[in-house]
Amino acid sequence: MKNFVKILTLAACALAFAGAARAQDTVAGKWKGQFDSQIGLQKYTYDFKVDGTNLTGRAVGIRDEGTNDVAISEGRINKDEISFVENFRFDDNDVRIEYTGKVSGDEIKLHRKVGDFAEEDLVAKRVKESDFKPEMKPDTNSPPAKP
(Lines give C-alpha, C1' and ligand atoms only; values in the text may rest on other atoms or scores of the structure.)
Protein backbone atom coordinates (compact mmCIF):
# COMPACT_ATOMS: atom_id res chain seq x y z
CA MET A 1 0.00 0.00 0.00
CA LYS A 2 2.86 2.41 0.83
CA ASN A 3 4.37 1.80 -2.62
CA PHE A 4 1.05 2.58 -4.27
CA VAL A 5 0.84 5.93 -2.41
CA LYS A 6 4.45 6.77 -3.41
CA ILE A 7 3.75 5.95 -7.05
CA LEU A 8 0.54 7.96 -7.01
CA THR A 9 2.32 10.94 -5.42
CA LEU A 10 5.17 10.79 -7.97
CA ALA A 11 2.68 10.57 -10.83
CA ALA A 12 0.78 13.62 -9.53
CA CYS A 13 4.02 15.62 -9.23
CA ALA A 14 5.08 14.61 -12.73
CA LEU A 15 1.73 15.71 -14.15
CA ALA A 16 1.93 19.03 -12.30
CA PHE A 17 5.40 19.73 -13.70
CA ALA A 18 4.31 18.65 -17.18
CA GLY A 19 1.34 21.02 -16.96
CA ALA A 20 3.58 23.92 -15.95
CA ALA A 21 6.01 23.13 -18.78
CA ARG A 22 3.12 22.91 -21.25
CA ALA A 23 1.81 26.28 -20.13
CA GLN A 24 5.27 27.81 -20.45
CA ASP A 25 5.65 26.46 -23.98
CA THR A 26 2.14 27.62 -24.85
CA VAL A 27 2.31 31.24 -23.65
CA ALA A 28 5.96 32.32 -23.57
CA GLY A 29 6.94 34.60 -26.46
CA LYS A 30 5.60 37.54 -28.42
CA TRP A 31 1.94 38.08 -29.23
CA LYS A 32 0.24 40.88 -31.21
CA GLY A 33 -3.32 42.14 -31.16
CA GLN A 34 -5.35 45.27 -31.82
CA PHE A 35 -8.72 46.67 -30.88
CA ASP A 36 -10.85 49.79 -31.10
CA SER A 37 -11.33 51.70 -27.88
CA GLN A 38 -12.72 54.99 -26.62
CA ILE A 39 -9.38 56.60 -27.52
CA GLY A 40 -9.12 55.02 -30.98
CA LEU A 41 -7.34 52.03 -32.48
CA GLN A 42 -4.73 50.47 -30.20
CA LYS A 43 -2.11 47.99 -31.35
CA TYR A 44 -0.40 45.90 -28.70
CA THR A 45 2.60 43.61 -28.54
CA TYR A 46 2.87 41.39 -25.48
CA ASP A 47 6.17 39.72 -24.67
CA PHE A 48 5.38 37.00 -22.13
CA LYS A 49 7.81 35.13 -19.93
CA VAL A 50 6.67 32.20 -17.80
CA ASP A 51 8.24 30.75 -14.68
CA GLY A 52 6.05 27.96 -13.36
CA THR A 53 2.66 29.58 -12.85
CA ASN A 54 4.05 33.15 -12.83
CA LEU A 55 3.59 35.30 -15.92
CA THR A 56 5.78 38.37 -16.47
CA GLY A 57 6.98 40.40 -19.43
CA ARG A 58 6.08 43.64 -21.20
CA ALA A 59 3.03 45.16 -22.85
CA VAL A 60 3.75 47.73 -25.57
CA GLY A 61 0.74 49.70 -26.78
CA ILE A 62 0.69 52.00 -29.80
CA ARG A 63 -2.11 54.52 -30.26
CA ASP A 64 -2.55 57.94 -31.85
CA GLU A 65 -1.47 59.73 -28.65
CA GLY A 66 1.78 57.79 -28.37
CA THR A 67 3.35 54.56 -27.22
CA ASN A 68 3.38 53.00 -23.78
CA ASP A 69 5.82 50.30 -22.73
CA VAL A 70 4.78 48.77 -19.42
CA ALA A 71 5.96 45.85 -17.28
CA ILE A 72 3.34 43.17 -16.77
CA SER A 73 2.56 42.55 -13.09
CA GLU A 74 0.45 40.16 -11.04
CA GLY A 75 0.63 37.63 -13.88
CA ARG A 76 -0.65 34.11 -13.38
CA ILE A 77 -1.10 31.12 -15.63
CA ASN A 78 -3.26 28.09 -14.93
CA LYS A 79 -3.40 25.52 -17.71
CA ASP A 80 -4.83 27.52 -20.65
CA GLU A 81 -6.01 30.53 -18.63
CA ILE A 82 -3.92 33.63 -18.01
CA SER A 83 -4.35 36.85 -16.09
CA PHE A 84 -2.14 39.89 -15.63
CA VAL A 85 -2.17 43.60 -14.94
CA GLU A 86 -0.84 46.52 -16.96
CA ASN A 87 -0.30 49.69 -14.91
CA PHE A 88 0.49 52.90 -16.74
CA ARG A 89 0.05 56.66 -16.55
CA PHE A 90 -2.42 58.41 -18.85
CA ASP A 91 -2.91 62.19 -18.60
CA ASP A 92 -1.19 62.25 -15.19
CA ASN A 93 -3.46 59.47 -13.88
CA ASP A 94 -2.46 55.97 -12.84
CA VAL A 95 -4.57 53.49 -14.80
CA ARG A 96 -4.88 49.81 -13.89
CA ILE A 97 -5.77 47.49 -16.75
CA GLU A 98 -6.73 43.96 -15.73
CA TYR A 99 -6.52 41.19 -18.31
CA THR A 100 -8.00 37.72 -18.31
CA GLY A 101 -7.65 35.34 -21.19
CA LYS A 102 -7.75 31.85 -22.61
CA VAL A 103 -4.98 30.38 -24.76
CA SER A 104 -5.89 28.23 -27.73
CA GLY A 105 -3.00 27.27 -29.98
CA ASP A 106 -1.51 30.42 -31.49
CA GLU A 107 -4.29 32.71 -30.20
CA ILE A 108 -5.17 34.22 -26.86
CA LYS A 109 -8.68 35.60 -26.41
CA LEU A 110 -8.23 38.45 -23.96
CA HIS A 111 -10.68 40.59 -22.04
CA ARG A 112 -9.28 43.83 -20.63
CA LYS A 113 -10.87 45.99 -17.99
CA VAL A 114 -9.55 49.55 -17.94
CA GLY A 115 -10.16 50.80 -14.41
CA ASP A 116 -13.83 51.70 -14.11
CA PHE A 117 -13.84 53.33 -17.56
CA ALA A 118 -14.04 50.69 -20.24
CA GLU A 119 -13.79 47.05 -21.21
CA GLU A 120 -12.59 45.56 -24.48
CA ASP A 121 -12.06 42.15 -26.01
CA LEU A 122 -9.21 41.33 -28.34
CA VAL A 123 -7.46 38.38 -29.87
CA ALA A 124 -3.67 38.29 -29.66
CA LYS A 125 -1.84 36.09 -32.14
CA ARG A 126 1.56 34.51 -31.64
CA VAL A 127 4.41 36.18 -33.50
CA LYS A 128 6.41 33.38 -35.05
CA GLU A 129 10.10 33.61 -35.86
CA SER A 130 9.21 33.32 -39.55
CA ASP A 131 7.22 36.57 -39.15
CA PHE A 132 10.42 38.47 -38.32
CA LYS A 133 12.08 40.03 -41.34
CA PRO A 134 15.87 39.87 -41.32
CA GLU A 135 17.69 43.15 -41.44
CA MET A 136 19.06 43.99 -44.85
CA LYS A 137 22.83 44.27 -44.62
CA PRO A 138 25.07 45.41 -47.41
CA ASP A 139 26.72 42.60 -49.32
CA THR A 140 30.27 42.59 -47.99
CA ASN A 141 31.49 40.08 -50.57
CA SER A 142 30.65 42.17 -53.63
CA PRO A 143 33.49 42.94 -56.03
CA PRO A 144 35.03 46.41 -55.89
CA ALA A 145 33.50 49.03 -58.19
CA LYS A 146 35.27 49.42 -61.53
CA PRO A 147 36.96 52.76 -62.17
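List of remarks:
- Members of the stretch 61-97 found to be β-branched (V, I, T) and either in contact with a His (Cβ under 7 Å, 6 or more places away or on another chain) or under 26 Å from T26 (Cα atoms) (or both), listed by number: I62, V70, I72, I77, I82, V85, I97
- Strands (runs of 3 or more DSSP E) contained entirely in the stretch 34-89, each with at least 3 residues that are aromatic (F, W, Y): 40-51
- Of the residues screened, K79 is not one that is over 20 Å from the mean Cα position of the chain (by Cα) and either at pLDDT 90 or above or of a type outside the set (F, W, Y) (or both).
The values are calculated or read from the model by the stated rules, or taken from the named source; none is laboratory data. Fair warning: this is a prediction, and the values are worked out from it, not measured in the lab. Cβ atoms come from the backbone with ideal geometry, glycine included; neighbour counts cover every protein chain shown.
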